[in-house]
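Only one structure is covered here, and it is reproduced in the block below.
The values are calculated or read from the model by the stated rules, or taken from the named source; none is laboratory data. In this text the structure is predicted, and so the values were computed from the model without any measurement. Note that we place each Cβ from the backbone using ideal geometry, even for glycine, and neighbour counts take in every protein chain shown. Accessible surface areas use protein heavy atoms only, side chains included; no ligands, DNA or RNA. Shrake-Rupley method; radii C 1.70, N 1.55, O 1.52, S 1.80 Å.
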2 protein chains.
Amino acid sequence: MIRVRLPDGAVKEVTKGTTPMDIASSISEGLARNVLSASYNEQTIEAVTPLEEDGDLVLYTWNDDGGKKAFWHSTAHVLAQVLEEQYPGIKLTIGPAIGQGFYYDIDPSSHTVTEKDFPVIEKRMLEVARELHRFEIRKVSKKDALAYYTQEENPFKIELIQNLVDGDITFCDHADFTDLCRGGHLPHTGFIKAVKLTNIAGAYWRGDEKNPQLTRIYGVSFPKQKLLKEHLELLEEAKKRDHRKLGAEMDLFTFSKKVGQGLPLWLPKGAALRERLEQFLKEAQRKAGYEQVVSPHIGHKELYMTSGHYEKYGADSFQPIKTPSEDEEFLLKPMNCPHHCEIYSARNWSYRDLPKRYAEFGTVYRYEQSGELHGLTRVRGFTQDDAHIFCTPDQLDDEFKSVIDLVLYVFGSLGFDNFTAQVSIRDPEHPEKYIGNVDEWEKAELAIMNAAKEKGLNYVVETGEAAFYGPKLDFMVKDAIGRSWQLGTIQVDYSLPERFELTYKGSDNEQHRPVMIHRAPFGSLERFVAILIEHTAGNFPLWLTPNQVNILCVSVKYEKYAKKVSQLLENNEIRSLVDNRNETIGKKIRESELQKFPYMIIVGEKEATDSLISVREHGGKDHGAMPLNEFVSMVEDTIEQDLKEFKP
Amino acid sequence: MIRVRLPDGAVKEVTKGTTPMDIASSISEGLARNVLSASYNEQTIEAVTPLEEDGDLVLYTWNDDGGKKAFWHSTAHVLAQVLEEQYPGIKLTIGPAIGQGFYYDIDPSSHTVTEKDFPVIEKRMLEVARELHRFEIRKVSKKDALAYYTQEENPFKIELIQNLVDGDITFCDHADFTDLCRGGHLPHTGFIKAVKLTNIAGAYWRGDEKNPQLTRIYGVSFPKQKLLKEHLELLEEAKKRDHRKLGAEMDLFTFSKKVGQGLPLWLPKGAALRERLEQFLKEAQRKAGYEQVVSPHIGHKELYMTSGHYEKYGADSFQPIKTPSEDEEFLLKPMNCPHHCEIYSARNWSYRDLPKRYAEFGTVYRYEQSGELHGLTRVRGFTQDDAHIFCTPDQLDDEFKSVIDLVLYVFGSLGFDNFTAQVSIRDPEHPEKYIGNVDEWEKAELAIMNAAKEKGLNYVVETGEAAFYGPKLDFMVKDAIGRSWQLGTIQVDYSLPERFELTYKGSDNEQHRPVMIHRAPFGSLERFVAILIEHTAGNFPLWLTPNQVNILCVSVKYEKYAKKVSQLLENNEIRSLVDNRNETIGKKIRESELQKFPYMIIVGEKEATDSLISVREHGGKDHGAMPLNEFVSMVEDTIEQDLKEFKP
């Protein structure tokens, strides 16, 4: 008998060789029908793998990332099978599950596969799926594995096998198809009810441009046709909301080849949006006792030797900037923390002065390969809404809670209501991987978990996921179309205070090391704006939107009245534009809708005579004619609903 | 007979060989007594140089830079003479006049000169001066000049002579002293009535650290003892106001060796000051129709090849930043204009869209040798209050006037009431030195001069001082202790629109080049803050000062009331701190005075009971007890006096 513990803590005593599927069946038949895969003692296994020792079992269904992973990886096997069948002589390489679906990289040999071939391949994949083939994992010796692929004339698999340890090598068979594979499959192909191949692209073997180019075929699959339909609709919706498309249409930002890839240029409307985000957070931070500082965008190499960044990231970063004489070397700032440590260092502190909270909208530069760049979400230069809190270990608890309050305030004001959190703590079995003493770590981890609990966060704890320098809390938000984004991070750091020899004088008159907290509610302004555009489809919260009102003149005659209205709105801090072009009012309304102005004000004969304005809302709602002050109240009420005052 | 024209346009017909001094005598004896030197046809000459051809004569007295230059350069000769006398065997190198005084670089041979020796040297210099030695310039052949210094065993002078053209070489004699010299001296040593040696320092021969180190002795001299006294008092006052000293005392900024020399770190109070300056200018610029943009701090090398900056400054700048792969090269941004050109380029424009006014507080980086760095006035990274206006040639006139209005508004709001302007135009005799066509230049120059005249500026026109790309207007302000600073510049640019191929569609439906205006009222925030600190001795205008009020508790008992007062002030946008330390009120008042708080509020028993506050002004004025709202009005009135609303 062995003891199998389930995630809810329940322990089942079962005979050796019992499978996860057997255990699912013992719980409920419904569960058994839905189990796709499992993990045992944190190792991915098949639902049909016999359990041979005591351990922790997690059963995965479609609702778990683990379940989707097994589903998509299994579909990659089916794809590979069909490709081999349809294109004899191709060489298989690897076929993993990815965030949304899977891919398989093949060396196409003499064949050319194009998107036109997708329907035929998809059809055949579904035929194979319906044949209910089991995925069977079997151990193979290194010798036999090499022999198999030598006979297959597949140098890629041979290279993979050569890097594996004899005894750890497994093949997976289904139908008459065999692949080198570590495991993590569905019980059988019949689960796959819908398949869509989505894209074809070139990819280098092992991601190295010096290696041969392969053909990568992307796809996604589902246990129900309906889920595929929803997925395709989501993709369609995501495309409409793509921040690169909307950002260009709304004149928010642009890129220039001459300035450089991945280096956004913020156009006036985008810069105004950024500025408003900055001022919004600055105001909240001021109330929470932060102080703004300003530091340069470069630092002497010595600064990053001290911080440890140079050793860790130097080779993969923008290379050092040399000086024409004096032989100095500077680095583009990849992060603001070393500079803030030097600001802290500029004078002596007593425990009575702490916490010090230094905030800076600091622009940092990190090298990314051009192929990795993507709109504002993956750039080479971005502005962090950064702050570093230097506090005593006793203050960590309160500081952490205050930071959570601030992050929640930011999310709430920007319409992100759906979020979860992850607390990353150290692996207590590997203390050598972390800096700082165990007592302090325990205290910090407890502080974070207490804070998360007290603030009512929906959080998971991930053991072993902490950085070497301290535990952390990350926020994941769900956007309006259900996609998850990592936003906002709070990290405890024991390392930098040590490396920069930061001190404060304690009440015992001795020098102590402060603890440091890194935190950024937005993360980066660039990425945040991108996510906000995709979340709101460009319909920003009213308080934030570049132009809140478009004033449309029925004819040029009413321009003067329109300008007066605009000025009166400005006096009430409402941002408006006047459209006095010689166009029909119908056209002006249609264009305003497209440009996503929250409100349109129409001024013509009647309005000018009666000193009224006619108000329409984005989306079509017509509020009719009203006095200006009524409209001002309407706007103010809407803003007040979204944007509460921050009360730390 | 020759014709000599004076600056007022008067022409004198005199015999060949007449000297400037003769002409001065013919005007008035007073003038003749005060003439120190002259220029003829823009060449510096002696007051006693015979005039041999027609030309333009300017007579220099102590009130002219040219007169001071001759005065100080002549004193350097006397210094050299005395040094040779006192330290036999030293080698002379060069001894020019500088901004405030002069220096002489010597190779001290076996001697050591220290500041302790200054009184003896000064005394002897004045003895020589009183002997009324004439400075006599004589031509020497290259051969004779080399022979003289070979016999003197002076390799420095030999090196200098080797680089001179035979026929152009002159020596200057006075008393029994001879020096290689181009000219520009006083008539005789007797003018020198006061001498002060100010400093001694090391300097490399020809400024190159690979060359031998020399000893540089700095000094200054005057035609009256009283002027020296005033000068020393000014130095003393300047020392007290030194922004490096006050900046540290007031916790505004700091430097860190690890971050790098010349890269300021702005501490919270300094960052808040900067932010207020930025917001102040942003608000005025918004009203003047500027739009903020944001661009990165690096740019691809190609950007600066296009702009021409790489060719011109590349070798002396921070060197290119290479990437770890893809072999790209970026440069730290030395100026914002190329980025703004690319922003303009991002779409098509019609003449109806212009002018576009792109503004950015853009941080730029320029390499300066470490020896050149000085506090915030000479740094390696600084933030320009930059903007670029893209307009049609017809709009240049109005745009230029608007920019002047803005600059004058900035100066007025910050207490710089004493300023002059310089209009720099092209040299019409050398059209090949300039880009753009003559008609446009003429139009632009006229536009600038008209604007300057219409705005009532006190300006001079300097022919030939324009940049190759366009004419400009620079502002010089005088600070509270009479020193001049260059602040604020407005430049027309025909070159960048050409290089970046910028266009707009004119009313003729053809593509045209816009004209560009570069402008920065502050110049750089760093330098401006430095000047403002020295101008105000740290007593910033009330609207700008970091903390306007220090609330002093008579005892800790009144902390609660003090905090309430502070909160009420904050509600009225008045920035205050509470000093609740357990110190005597006398000590707190003294410290507040030192820290330059504009107001102190004292709260004790009486104030708390009667809901009043006692108010003291910086400098000692006691306003007595008053209700809070009375104080608020007082502060608001003061601010309104300094900071008017900008009405473009």
Where does helix A:438-454 land angle-wise versus the long Cα axis of chain A, in degrees 0 to 90, nearest 10?
60 degrees
Provide an ascending nm list, one decimal, of label-point separations from B:T609 to the equivalent residue in each further copy; define each label point as 7 Å from Cα along Cα→Cβ.
6.9
With the convex hull built on the Cα atoms of region B:132-176, state its orientation-averaged projected area in nm².
3.2 nm²
Theoretical gain in end-to-end length, A:D427 to A:N163 [0.36 nm per residue, Cα-Cα removed]
92.3 nm
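With only alpha-carbon pairs counted, each pair once and no self-pairs, how large is the Kirkwood hydrodynamic radius of region A:334-406 in angstroms? Provide the component values of the computation, followed by the final result.
Values: mean 1/r = 0.0692 Å⁻¹.
One over the average 1/r among Cα pairs gives 14.4 Å for region A:334-406.
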Do the alpha carbons of any pairs in B:K116/B:K224; A:K563/B:K287; A:K356/B:K245 sit beyond 21 Å of each other, and which pairs?
B:K116/B:K224; A:K356/B:K245
Can you bin chain A into rounded, prolate or oblate? Criterion: square roots of the alpha carbon gyration tensor eigenvalues sorted a ≥ b ≥ c, rounded for a/c under 1.5, prolate for a/b above b/c, oblate for the rest.
oblate
With just the Cα atoms of the protein assembly as shown, tell me how far they stretch along each of the three principal axes, in Å, largest first.
122, 80, 80
Say a label goes 7 Å from Cα toward Cβ at A:E510 in every copy; what distances in nm does this one have to the rest, shortest first?
8.4
What whole-number distance in Å separates the alpha-carbon centres of region B:414-471 and region B:544-564?
52 Å
In the A-onto-B rotation, chain A's nearest residue to the axis by C-beta, with distance in whole Å, turns out to be A:H297, 2
Local electrostatic count at B:E454 - Lys and Arg +1, Asp and Glu -1, tallied over other residues with Cβ under 13 Å:
0
Would you work out the Kirkwood radius for region B:165-273? I mean one over the mean of 1/r across all pairs of different Cα atoms, in Å.
18.9 Å
By a straight-distance test (C-alpha under 17 Å), which lysines pair with A:K157 as possible cross-link partners, with residues fewer than eight away in the same chain excluded?
A:K91, A:K139, A:K142, A:K143
Could you work out how much longer the chain between A:E559 and A:K312 gets when fully extended? Use 0.36 nm per residue separation minus the Cα distance between them, nm to one decimal.
82.8 nm
Taking B:K453 as the anchor, which lysines have their alpha carbon closer than 21 Å to its alpha carbon, excluding any fewer than eight residues away along the same chain?
B:K401, B:K443, B:K472, B:K478, B:K647
Shape of region B:2-61 from its Cα gyration tensor (a ≥ b ≥ c, root eigenvalues): rounded if a/c is under 1.5, otherwise prolate when a/b > b/c, or oblate?
rounded
Name the residues whose placed amide hydrogens come within less than 5 Å of the amide hydrogen of B:N199, ignoring near sequence neighbours (fewer than 5 apart) on the same chain.
B:Y218
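What share of the DSSP beta bridges in region B:549-642 is antiparallel, in percent to the nearest 5?
If I count the DSSP bridges inside region B:549-642, around 45 percent turn out antiparallel.
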From largest accessible area down, sort B:F597, B:F191; use a 1.4 Å probe on the protein chains.
B:F191, B:F597
Excluding B:Q279 itself, what net charge comes from residues whose Cβ is under 12 Å from its Cβ, given Lys and Arg +1 and Asp and Glu -1?
-1
Report the Cα centroid-to-centroid distance between region B:274-315 and region A:82-157 in angstrom, as an integer.
54 Å
Under 19 Å from the B:D394 label point (7 Å along Cα→beta-carbon), backbone N, region B:331-353:
B:349-353
Out of all Cα-Cα pairs in region B:68-240, roughly what percent, to the nearest whole number, are more than 20 Å apart?
52 percent
Ascending list, in nanometres, of distances separating the B:A175 label from those of the other copies (7 Å, Cα toward Cβ)
10.9
All aspartates and glutamates inside 20 Å of B:K210 as judged from Cα atoms, apart from same-chain residues fewer than 8 positions distant:
A:E326, A:D327, A:E328, B:D105, B:D107, B:E159, B:D316, B:E368, B:E372
Amide H contacts under 5 Å for A:L267, placed H, 5+ residues apart:
A:F253, A:T254
Stretched fully, the stretch from B:A147 through B:D8 gains (0.36 nm per residue minus C-alpha distance, one decimal, in nm) 45.5 nm
What shape does region A:549-642 have by the C-alpha gyration tensor, where a ≥ b ≥ c are the square roots of the eigenvalues, rounded means a/c under 1.5, and otherwise prolate means a/b greater than b/c and oblate the rest?
oblate
Round to a whole angstrom and tell me the spacing of the C-alpha centers of region B:57-80 and region A:190-218.
80 Å
Where does chain B land at 222 nm, in deg cm²/dmol rounded to the nearest 500, when only DSSP H runs of n ≥ 4 count, each adding -39500 (n - 2.57), divided by all residues?
-11000 deg cm²/dmol
